[in-house]
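Here's the structure, in structure tokens; my notes come after.
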Amino acid sequence: MGIHVNEEQQLFHLQTAKTSYIFKILENGQAGQLYYGPKIPVKKDYQNLASREEHDCTNTLTVDQGDFQLELIKQEYAGLGKGDYRYPAYQITYPNGSRISEFAYTGYKLAKGKKRLGDLPSTFDDRGDDAQTLTVRFKDELANVRLDLHYTVFEKEDVIVRSATFTNHGEPITLNRALSAQLDLPDSDYDLLQFSGTWARERHLIRTHLRSGVQSISSLRDASSHQQNPFFILARPHTDNNQGAAFGFNFIYSGNFLDSVEVDQFDTTRVLVGINPDEFGWRLDNGDSFQTPEAVMTYTDQGLNQLSQQLGSFYADHLINPHFAHEERPILINNWEATFMDFNEAKLMPIVKKAHELGIEMFVLDDGWFGHRDNDRSSLGDWFVDQKKFTNGISGFAKKVHEQGLKFGLWFEPEMISIDSKLYEKHPDWMISTPGRQSTPARNQYVLDMTRPEVVDYLVDHISAIIKQTKLDYIKWDMNRNITEMYGSKLGADRQLEFAHRYILGVYQLYSRLTNAFPKVLFESCASGGGRFDLGMMYYAPQAWCSDDTDAVERIKIQDGTSYGYTPSMWGAHVSAVPNDQVGRLTSIETRAAVAYFGDFGYELDITKLPADQLATIKKQVAFYKQYRHLFQQGTFYRLENPDTASQNVYGWQVVSADKTEAVAARFQILNGANPAYIRFYFQGLDPDKTYTVNGGKEKFSGAELMHVGYFVPRIMDRTKPEKDPSDFSAHLFVVKEA
Ligand code: GLA
């Protein structure tokens, strides 16, 4: 059993396979955090962990059992205003304007399994045999408000999922702050690993040592954003990919978030994960509840690869839609970088036919097929086909694609509206704007008010009709701008701070209705590339377009950063044309494919314009990916170089089968150097006692040898044909098989 409750001591010990998480009810009835780290035995009480000294510098709370000082205590879910001066997990404003709460423990409930949350994406244990859920209940007597803290233990994966519910049984109140998880750690000797960037440069790893004060990662764009990702790690300073202790935190949410790490005056560390309290406020009338999204926490003392792997298997079994979690995803060709919006059926059909010849499995028609959209100034919201481009309608084109034996996918940007659209003519008030203020377009477009049920209904109807007409297999759901002039014309003045969250609930509502109605349609989320790459989206759309930057070298950095918190089956990765559209770089088609193999593989270039030798190469690449797709998408992923060295010039990735009988690895070297040292490539995750071959060679190696002695990599430049073999941006691929 994963959760141990000592009722007498009011002590809760949550155990996973390798970790312990312990908290207890304090003298004033709130919960105090005792420990999170490597598993320790269950004991009746942990006096030593709970002990504390009084300090002179702060205020003291006197209760029946004695005095204590909140500021010096590690807490489970703290408020502000009673002597803990650190940033709180929640704050409530009561009818008289006061903001002091006193939640005291009233009991707990233990349940098998993990139920899904109603309106929010969430973790689950549908079979009810993998997880255990603890709800610890508190009440503020004076205000008659209840607080439930939920903890689900996923034992096998060493993951704990947390959230909170507030329920009001008293006078109307306002929740000003309601984060999902708080974790107080006893010291601050950690590095913060965050994944930051911008459009076309998402999720680059930044590692800094914690310092006194608050350091945070956040978004106020009402999207998880290109700029910051909700996933972050706290690692001991010497932790690297292969060894060392680290906590990982993620958030199952796609809107404004806050990850805050506060190091206080005594070098204790407080972690908060949740909805950003800025631009948030939620009125709770008598009988109303507010459920926070879920936060995911994990710990390992086995290095960052292990941390990523335990999260990866957790997502596959308890977050991703089970229809797709273990399904092989199709190899697709997307027409965006081949044609942009300049296409019609006649121009696309040769691409479709050629794709079929090459073994590609799905054709995805990107932006520009609807309304009269020849550029980005019109038609968003008009989800009906442009008859000029498709004289047989979209269903006629879809039929032809299907007849070629390919699946068919379509691009939508459901949440958006163009001023030049039929939708705007009919419903100008559906566009988000603030009365009397100028609206600011981005990419010439505006955002629909997803808090309004009629908007969601309209989108369900129109998108469903297209899905049915085309027997659609896949949807790329894009979202190309963030929200400005936030205002809900149907929300009262006192509810405007609910808008940002209600918008995201509207998006989830649309996702939920479409994915339930069409369970076989594969969704890929996108937001100008990876601008909404988060677990909230992944719950509905099991893969996301990783970045609009398809340059192989830039993609190495992006995919490497992404891999810390997500797994390759979660990101789309395509081979595009050179010179690359985003950076103008020339890389070989082999390097471009080697990078894109590690992900949901595809092509995004005009294959009707390529020379025969490149087409022959693509055919082989497609066959290669099909042969090892189960490894690339479902294998265990390793980063083979450590962050400090990887940021220089060399990256290595590997995927291994669960039974360790086969693996594929790649070594990427960005720039070549003159007269290089011998290169050895060290594999990981193999069975030391198994015997393997590499790339079909005759020599046999033990797994131990490949992991510890390494494998010799020949010089990158073949001096006999230097002009044919550009030496920069090289990729070496290794297929390892049990002999
Ligand atoms: C975004 C996406 C691209 C493409 C375009 C279409 O930028 O990230 O992949 O779909 O929109 O407008």
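FYI, it's all coordinate maths here, none of it is from the lab. Because the structure is a prediction, the values reported are computed rather than measured. Cβ coordinates were reconstructed from backbone atoms using ideal geometry, including for glycine residues, and neighbour counts include every protein chain displayed.
When you filter the GluC sites (Glu not before Pro) in the range 133-167 for DSSP loop state and at most 14 other Cβ atoms inside 10 Å of their Cβ, you are left with E141.
Taking all Cα pairs closer than 8 Å and separated by 6 or more residues, the relative contact order of the chain comes to 10 percent. A helix-only calculation puts the chain at -6000 deg cm²/dmol for mean residue ellipticity at 222 nm, using -39500 (n - 2.57) for each DSSP H run of at least four residues, averaged over all residues.
Near I100: Cβ cut-off under 10 Å, other residues only, Lys/Arg at +1 and Asp/Glu at -1. The net charge is 0. Choose one of S122, N286, Y105: the residue whose Cα lies farthest towards the positive end of the charge dipole of the range 3-319 (beta-carbon charges +1 Lys, Arg; -1 Asp, Glu; about the Cα centre). In the range 3-319, that residue is S122.
Net charge dipole, the range 3-319: roughly 660 debye, given to the nearest 20, about the Cα centre with Cβ charges of +1 for Lys and Arg and -1 for Asp and Glu. The phi-based Karplus calculation (6.51 cos²θ - 1.76 cosθ + 1.60; θ = phi - 60°) puts the 3J(HN,Hα) values of the range 306-317 at 4, 4, 5, 5, 5, 5, x, 6, 4, 4, 4, 9 Hz, whole numbers, x for Gly and Pro. Applying 1/(1 + (r/R0)^6) with r as the Cβ-Cβ distance of I100 and E425 and R0 = 35 angstrom yields a FRET efficiency of 0.10. A simple spin-label model places the labels of R236 and K490 5.4 nm from each other, with each point 7 Å out along Cα-to-Cβ. For the chain, a crude dipole built from +1 on the beta carbon of Lys and Arg and -1 on the beta carbon of Asp and Glu, taken about the Cα centre, is about 1900 debye to the nearest 20.
Close amide H pairs (under 5 Å, H built 1.01 Å from N) link G37 with S20, residues at least 5 positions away or on another chain. Each DSSP beta bridge with both residues in the range 239-367 is either parallel or antiparallel, and the antiparallel ones are about 75%. For the range 389-485, the set of GluC sites (Glu not before Pro) satisfying both a DSSP loop assignment and a count of at most 15 other C-beta atoms within 10 Å is given as E485. Is the shape of the chain best called rounded, prolate or oblate, per the rule: a/c under 1.5 gives rounded, else a/b larger than b/c gives prolate, else oblate, with a ≥ b ≥ c the square roots of the Cα gyration tensor eigenvalues? Taking the square roots of the gyration eigenvalues as a ≥ b ≥ c, the chain is oblate.
Looking at the range 3-319, the pairs of alpha carbons with a distance over 33 Å make up 20% of the total. Non-local lysine pairs in the range 3-319, meaning eight or more places apart or on different chains, with alpha-carbon distances under 14 Å, amount to 6.
Given the options F683, F397, H169, identify the residue whose Cα lies farthest towards the positive end of the charge dipole of the chain (+1 on Cβ of Lys, Arg; -1 on Cβ of Asp, Glu). With unit charges placed on the Cβ atoms, the residue in question is F397.
Loop-located trypsin sites (Lys or Arg not before Pro) in the range 2-84 (DSSP state other than H, G, I, E, B) with a sparse environment of at most 13 neighbouring Cβ atoms within 10 Å: K44, R52.
Evaluating 6.51 cos²θ - 1.76 cosθ + 1.60 at θ = phi - 60° for every residue in the range 340-349, the Karplus couplings come out as 6, 8, 8, 8, 8, 4, 4, 6, 7, 4 Hz, glycine and proline recorded as x. Looking at the chain, what % of its DSSP beta bridges pair antiparallel, to the nearest 5? Of those bridges, close to 85 percent are antiparallel. Taking 0.36 nm per residue of separation and subtracting the Cα-Cα distance, full extension of the segment from E705 to S727 would add 5.1 nm. Rounded to the nearest whole Hz, the Karplus-based 3J(HN,Hα) values (6.51 cos²θ - 1.76 cosθ + 1.60, θ = phi - 60°) of the range 201-211 follow the sequence 8, 7, 6, 8, 5, 10, 10, 9, 7, 5, 10, with x at glycine and proline.
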